[in-house]
Amino acid sequence: MEALKNDKHYTYADCAAWDENIRCELIDGVVYMLTVPSMTHQSISGVLFYQLFDFLKDKPCKVFAAPFDVRLNADKGDDTVVQPDILVVCDKTKLDQKGCQGSPDLVVEILSPSSEAHDKVLKFNKYLQAGVREYWIVYPVSRIVEVYVLKNGEYIASAYAEEDTVSSHVLEGCMITLKDVFAE
């Protein structure tokens with residue numbers, strides 16, 4: 001994933017004025033163009049979204065899938081807008097017709113070769129700074145899910161393999177069967 005090569009500092013207002021078919025993220029005012037997800041990526045995303053959607057029926061939290069703007073610092077410079085593959089928001093006051101203002105409670109990123117460093121370093125640090133309570137990184141090739149839970153300002157990591165079931169720390173009682181997630 002590459003940043004646009006120029007010296008301009010962009011904000012959400014700039015992004016909102018662009019053609020809606022342009023898929024990008026904005027991190028600290030720098031634009032990163034998004035690629036089209038692979039079939040495997042979409043399959044994993046669909047199963048995870050379905051499991052979360054099914055669990056959250058009749059609960060106050062809501063699950064969303066990309067493209068869905070998350071303005072991590074909407075109350076400050078409004079220069080960081082990400083589009084996680086999947087996110088869960090439990091505080092409905094953060095939601096508006098444009099997306100989410102502030103940090104979601106749970107974020108899931110499914111890695112692709114072009115996004116690995118972006119998701120594991122840049123976005124990892126932005127989610128940590130913004131206070132995202134739980135961050136999942138899904139590795140389609142190795143069929144592993146890393147779960148990061150926010151405690152005392154730091155992420156505590158756990159890793160789960162294809163035969164495991166992931167228990168969400170933020171969504172009490174939510175169990176995700178990875179065998180189903182990685183089935184093709």
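We did not get these values from a lab; they are worked out from the coordinates using the rules stated. Keep in mind that what you see is a predicted model, and the values were worked out from it rather than measured. We place every Cβ from the backbone using ideal geometry, glycine too, and count neighbours over all the protein chains shown.
What the table below lists for this structure:
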{"quantity": "Estimated inter-spin distance, D75 and Y50, nm [label 7 Å along Cα→Cβ]", "calculated": "3.8 nm"}
{"quantity": "Evaluated at q = 0.17, 0.19 Å⁻¹: base-10 log I(q)/I(0), Debye formula over Cα of the chain", "calculated": "-1.12, -1.41"}
{"quantity": "The range 112-184 and the range 5-25: distance between their alpha carbon centers, rounded to Å", "calculated": "27 Å"}
{"quantity": "Total formal charge among the other residues, if their Cβ is under 14 angstrom from that of H41, Lys/Arg +1 and Asp/Glu -1", "calculated": "-3"}
{"quantity": "Partner aspartates and glutamates for K120 [C-alpha distance under 12 Å; skip if fewer than 8 residues away on the same chain]", "calculated": "E109, E146"}
{"quantity": "Antiparallel bridges, percent of DSSP beta bridges restricted to the chain (to nearest 5)", "calculated": "80 percent"}
{"quantity": "Partners for K94 among lysines (Cα-Cα distance below 16 Å; same-chain residues under 8 apart left out)", "calculated": "K62, K76"}
{"quantity": "Sum of side-chain charges, V63 neighbourhood, beta-carbon under 12 Å (Lys, Arg +1; Asp, Glu -1)", "calculated": "0"}
